[in-house]
Amino acid sequence: MPSPAPSEVPVVQAAPGPKANPSWGQVLASVFAVAFDLVMVFFVGGYAIAYLTGNIKNGEFNLSSRPAMLLLVLIFAYFIICMKFFGGTLWQRTLRVGRR
């Protein structure tokens, strides 16, 4: 019996294997990355917004109403933009966690 031509041989792809459970070190690094990112964006973004809106008194900033909402939007935008375009936030990339 002749063997089938290469174009007639069905191609079977292997199913992806199950992902390994992350170690405690990876989980802890992920938690620290999120916490460091939140603190960093809060202070840097908060100070920048307070500076632009004139809400800095004696080196401290106090945001309420619209500037506070703007800071909240900035925090969400930081995470969305970094994850979509850069493959992770600054601290996720520094601590080598996140999407691969």
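The values are calculated or read from the model by the stated rules, or taken from the named source; none is laboratory data. Bear in mind the structure is a predicted one, so any value in this text is a computation, not a measurement. Cβ placement follows ideal geometry from the backbone for every residue including glycine, while neighbour counts extend to all protein chains displayed.
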Please specify each residue of the stretch 53-87 satisfying the condition of being assigned to a strand (DSSP E or B) and either on the phi > 0 side of the Ramachandran plot or surrounded by 11 or more Cβ atoms within 10 Å (Cβ to Cβ) (or both).
Ile56, Phe61
Quick check on Pro22: is it outside any helix (DSSP H, G or I), surrounded by 11 or more Cβ atoms within 10 Å (Cβ to Cβ) and at pLDDT 65 or above?
yes
